[in-house]
Structure formats: C-alpha cells, structure tokens
Amino acid sequence: MTLDTRVHAVPPITTTPLFDIAVDLEPPLKFGPGPLGRRTLYPASRGTFHGPRLRGEVLPGGGDWALYRADGTMSLDVRLTLRTHDDHLIHMTYGGRWVIPPDVRADLADTATRHHIDPARYYFRTTPLFETGSPKYGWLNDIVCVGSGYLIENGIAYHVAQLT
C-alpha cells in the first residue's frame, strides 16, 4: 500500500492541566435493561474543581446518564453545572468510557471500599467540553479536553487536561 500524499506531519498533541474535579453522587436511579443496554442515572449532588486558571463548585442537578453495554463497559453521558469562585456559570458535558476488567468487577461492587482500588486496574477516560456566556471564561468554549477518572469516597474525580 502506498502512502497517501495528502497526509502531512502535524505537531504532536500535548496537554496542559486544566483542573481536578471531585463530584459527590447521590444513589443511582436504575432504568433497567433497554434496547441499548442498562441505563442508570448517577445524580450529582455537589463537588469542587480547582486548577491554575479556574476554580469553584459543582452545583446539584447534573449527573451521568450512564449506559452499561452487554460487555460490562460503561458509556458516559455527563452534564454538570460549574460555578466559578467569582460567580460565573459553566456548562460541562462529557462522554467517555469506563472499561472494567472482569477480575476487578467484584471489588468495585463493594461501595464501602471500591474507592481504594488502584485506578490503573481499569480504564476510565472522558472528553469534556464546555459552554459559557461569561466573557472572562469564554476561552473554555473553544477548547477540547481529556480526563482521566477514578473513584473517590461518595463519588468520582477526574484530572482534566486541555489538548494543546
């Protein structure tokens, strides 16, 4: 096969830390099995985020409308409202995948201890996007991010980085 001459070298994708976010979750609402898999809502009750350029709180009312596929992988569909420390609102959405190997699933079933499981034992990645009307934080409207997730006591956390 010959190389397509239209393909060019481009600078490598790099990342810059944006923030770390911790989200407390309410008990899940299980919709049961549907045509695409098992749908479960994990309501967000509150949380915090901190980074070099912004910080604040996660407001109640968002959540993850997760879909568990037949193979056990969770597809994320998350919507959160962030309020910055200086009172600007930011809409954060992200999809992603949480792939849990079969040998880790039993350990994750124990809600009292699952946050102690090493995140290296599973794959939990997201693709956050933002929307805001704030002139101060309008730069968020034009960036793409990636996140690496892990469990914490009473919820989830992510390290979010901007693709540069």
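In order along the range 155-163, phi translates into HN-Hα couplings of x, 9, 9, 9, 9, 10, 10, 7, 6 Hz, rounded to whole numbers, per the Karplus curve 6.51 cos²θ - 1.76 cosθ + 1.60 with θ = phi - 60° and x for Gly and Pro. The range 103-164 and the range 20-44 have Cα centres spaced 15 Å apart.
How far, in nm, would the chain grow between T111 and I13 when pulled straight, counting 0.36 nm per residue and subtracting the alpha carbon separation? Full extension from T111 to I13 adds 31.6 nm. Which of V104, V146, V23 moves the most in a Gaussian network model of the chain with Cα springs under 10 Å? Highest fluctuation among the options: V104. Answer rounded, prolate or oblate for the range 1-84, using the Cα gyration tensor with square roots of eigenvalues a ≥ b ≥ c: rounded when a/c is under 1.5, else prolate when a/b is larger than b/c, else oblate. Oblate. Couplings for the range 20-25, taken from phi via the Karplus curve 6.51 cos²θ - 1.76 cosθ + 1.60 with θ = phi - 60°, read 10, 10, 10, 10, 7, 10 Hz in order; Gly and Pro are left as x.
Computed from label points 7 Å out along Cα-Cβ, the spacing between D20 and E57 is 2.1 nm. For the chain, a Gaussian network of Cα nodes joined below 10 Å ranks D103, D77, D24 by mean-square fluctuation, and the top entry is D103.
Answer rounded, prolate or oblate for the chain, using the Cα gyration tensor with square roots of eigenvalues a ≥ b ≥ c: rounded when a/c is under 1.5, else prolate when a/b is larger than b/c, else oblate. In terms of gyration-tensor shape, oblate.
Between R125 and R83, take the C-beta separation as r, use R0 = 22 Å, and let me know the FRET efficiency to the nearest 0.05. It comes out at approximately 0.30. For the chain, a crude dipole built from +1 on the beta carbon of Lys and Arg and -1 on the beta carbon of Asp and Glu, taken about the Cα centre, is about 280 debye to the nearest 20. Taking a virtual spin label 7 Å from the Cα of E153 along the C-beta vector, which residues in the range 105-123 bring their backbone nitrogen under 13 Å of it? Label zone hits: 112-116.
The slack in the chain from F31 to H91, taken as 0.36 nm per residue of separation less the alpha-carbon distance, amounts to 19.1 nm.
Laboratory data are not the source of any read-out in this text; all were calculated from the coordinates shown. Everything numeric here is computed off the predicted structure, so don't read it as measured data. All Cβ positions, glycine included, derive from the backbone under ideal geometry; neighbour counts span all protein chains shown.
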